[in-house]
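Here the structure is laid out as structure tokens; the discussion comes afterwards.
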Amino acid sequence: MFDNLSEKLDKALHVLKGHGQITEINVAETLKEIRRALLDADVNFKIAKEFTNRVKEKAIGENVLTTLQPGQLMVKIVKDELTELMGGDVTGINLNGNPTVILMSGLQGSGKTTFSGKLANYLKTKKNKKPLLVACDVYRPAAIDQLHVVGVQVGVDVYSDRGNNDPVSIAKSAIAHAKTNGHNVVIVDTAGRLAVDEQMMKEIANVHKAIQPHETLFVVDAMTGQDAVNTAKAFNDILNFDGVILTKLDGDTRGGAAISIKSVVNKPIKFIGTGEKMEAIDVFYPSRMADRILG
Ligand code: GDP
């Protein structure tokens, strides 16, 4: 994961790690290389610039050059800032509703249906919940079939209503169904399109308004780089969502989305998807990710 970025940051910091004493020139060179590494990883120019500025200010503030192990202190500063950039403290998922209603949003192909299954499985096996999966894609019968397949895979009930083409009424009936059948979590999988369009946004906004979810999650494919950030912004403008799910982090992603999303929409990444299997889900810990990236 993020091998290329990891390698480049390691190289950037290598110069400092080797020195007892370092100079202002060493620091300036390192900051330049860090910025370059972030840009190569598809981090937005402004975010990369602000990042290195903050590292620089902290380095000055902590009098890095006069400390005993300046290189190590610099590495720590970069790690802390990277953690902060990716979200700082971990924010869990709100499971206080009865039932807790979770709305999934995102483009087609982002991994919504797969993640809905993973989340249902996670909540069932790790949090002792009894979830209900709800198919609200009224345009693609295959999407409904896919959710049923996923439901069977993880042993979770799936609610669908094939004749009904109104996602609001499906979602509402599903919640009523959950209440009468003892489901304490309802995961609503919605229709996505290949790109942001007005009708899709209107539809999901209507569902959102009608069911007032406890958690609205935005699912995005990490492989799409800066597009992931733009899509997140568009969905957040409409839904004011609670958290981001970054999928396909097992692929050859450069990492820019993971690093940039929090600072653009100011919403935490809550989970990551790391494969096609139902178990390939992880809670996102910014500090662990920063550790991983910086080796
Ligand atoms: P949806 O259209 O948003 O519901 O997307 P799907 O759940 O159908 O996922 C689209 C494709 O991405 C499928 O082939 C999934 O198996 C795949 N996929 C989903 N999540 C991941 C992931 O974390 N890693 C990998 N490698 N593939 C994923």
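Of note:
- Test: K248 is of a type outside the set (A, V, I, L, M), within 12 Å of the chain's Cα centre (by Cα), away from the ligand (no atom under 16 Å from the Cβ) and surrounded by 18 or more Cβ atoms within 10 Å (Cβ to Cβ): no
- When the stretch 94-114 is limited to residues that are within 16 Å of the ligand (Cβ to nearest atom) and of a type in the set (S, T, N, Q), the one that is farthest from N236 (Cα to Cα) turns out to be T114.
- Taking every residue in the stretch 245-260 that is in a loop (DSSP other than H, G, I, E, B) and pairing it with any residue that is within 13 Å of the ligand (Cβ to nearest atom) and of a type in the set (V, I, T), at least 6 positions away or on another chain, the pairs with Cβ-Cβ distances below 7 Å are L249/I272; L249/T274; D250/T274.
- Looking only at the stretch 179-211, and only at residues there that are in a helix (DSSP H, G or I) and within 16 Å of the ligand (Cβ to nearest atom), the one that is farthest from G109 (Cα to Cα): V207
- Checklist (1) in contact (Cβ under 8 Å) with a residue 12 or more places away in the chain; (2) over 30 Å from I77 (Cβ atoms); (3) of a type in the set (D, E); (4) in contact with an Asp or Glu (Cβ under 9 Å, 6 or more places away or on another chain) applied to D227, failing item: (1)
- Options K262, K277; residue that is touching a strand residue (DSSP E or B) at 6+ places or on another chain (Cβ under 9 Å) and either closer than 17 Å to L82 by Cα or within 12 Å of the ligand (Cβ to nearest atom) (or both): K262
- Candidate set from the stretch 65-123 (those that are charged (D, E, K, R) and crowded, with 22+ Cβ neighbours inside 10 Å); member that is farthest from I144 (Cα to Cα): K118
Read-outs throughout are calculated quantities, based only on the coordinates presented, and are distinct from any laboratory measurement. Here the structure is a predicted model, which is why all the values come from computation and not from measurement. Note that we place each Cβ from the backbone using ideal geometry, even for glycine, and neighbour counts take in every protein chain shown.
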